[in-house]
1. Helix-derived [θ] at 222 nm for the chain: sum -39500 (n - 2.57) over DSSP H runs of at least 4, divide by residue count, nearest 500?
2. Please tell me which of these pairs span more than 21 angstrom C-alpha to C-alpha: 45/240; 108/181; 149/204; 173/219?
3. Quick one: dipole size for region 204-265, taken about the Cα centre, charges +1 on Lys/Arg Cβ and -1 on Asp/Glu Cβ, in debye to the nearest 20.
4. Give, in whole angstrom and from largest to smallest, the semi-axes √(5λ) of the equivalent ellipsoid of region 126-265, with λ running over the eigenvalues of the Cα gyration tensor.
5. Run the reach check for residue 31 against aspartates and glutamates, Cα to Cα strictly under 17 Å, same-chain hits fewer than 8 apart removed. What comes back?
6. Relative to the Cα centre, what is the charge dipole magnitude of the chain, using +1 at the beta carbon of each Lys and Arg, -1 at the beta carbon of each Asp and Glu, and rounding to the nearest 20 debye?
7. Distances over 24 Å make up what percent of all Cα-Cα pairs in the chain?
8. Once you've got the GNM for the chain with C-alpha springs shorter than 10 Å, pick whichever of 177, 134, 36 has the biggest mean-square fluctuation.
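Read-outs: derived from the displayed coordinates by stated rules, not from any lab. These numbers were taken from a predicted model, which means no experiment stands behind them. A quick note on method: Cβ atoms are made from the backbone with ideal geometry, for glycine too, and the neighbour counts reach across all protein chains shown.
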Amino acid sequence: MGKAAKGGKKLPAAPLADKKKKAKKNPLFEKTPRNYRLGGDIQPKRDLTRFVKWPKYILLQRQKRIMLMRLKVPPAINQFSMAIDKNQAASLLKLCKKYSPETKEAKKARLMEMAQAKKDGQEVKTKKPQVLKYGLNHVTTLVEEKMAKLVVIAHDVDPIELVCWLPALCRKKDVPYCIIKGKSRLGQLIHQKACACVAITSVKPEDEKELNTLVNNFKAQFNDNAEVKRRWGGGIMGIKSQHITARKERAIQAEKAKKLGLQIA
């Protein structure tokens, strides 16, 4: 269309101006816009993690983790956060696996075999097996009598009061010890769901070298390491608190700089 002149008359349209072409609509396809209001279409998939009603045990373990981060944790409890690394754990578990106690089925089969041999009039000789010692009271006795060559303690025993004194006892009696992640991993070694601690009292001659290597490493890392007994844990605030603290610190620094500037002037 032409522009309107000052007198009110419209100028003629440019002859070569492109006319807008209307898009052809196919009558077979109709627009069906979705209605996301109440009672309308199904809502699109969203990340609803924040609105999930989590089981009680998950809430408790998350809250416990946050509390251990926020509050000051004494060294006796904080030492359980300083566990051995993945490679050390792999070599330790590999050694311990060789000395797993026999299962119920294996014990039953062995006793049946012994009974059959006695019935046939044969002399049955048994040798004391070299196996892992487990059970908190049993391990404590072995440590007190200095019979344990290595004590392995789980880091997530609940309640922690059951084992928080055991590292101190091991240091007192000069028994090498280490802390490993996962009471269930120790439980697998003795065919149970979980285990607080296990002790190695004796090994075969071919495994002596490997045990001595582990003992020397763990002695340096735990028994002779004064940092384990002294380091406090926790005291880490959340991101909001950190921002507030940083803001206050900046304000204090700005005030100091201002006063310093006035004194110089």
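1. Working: 10 runs with 112 residues, N = 265.
It lands at -13000 deg cm²/dmol.
2. Numbers: 45/240 30 Å; 108/181 32 Å; 149/204 13 Å; 173/219 13 Å.
Cα-Cα > 21 Å for 45/240; 108/181; rest within.
3. On the way: 13 positive and 8 negative charges, 174 e Å.
The calculation lands at about 840 debye.
4. Values: eigenvalues 489, 62, 32 Å².
One finds semi-axes of 49, 18, 13 Å for region 126-265.
5. Cross-link targets: 41.
6. Numbers: 59 positive and 24 negative charges, 596 e Å.
Value, rounded to 20: 2860 debye.
7. Numbers: 24618 of 34980 pairs.
Looking at the chain, the distances longer than 24 Å represent 70 percent of pairs.
8. Looking only at 177, 134, 36, the biggest GNM fluctuation is shown by 36.
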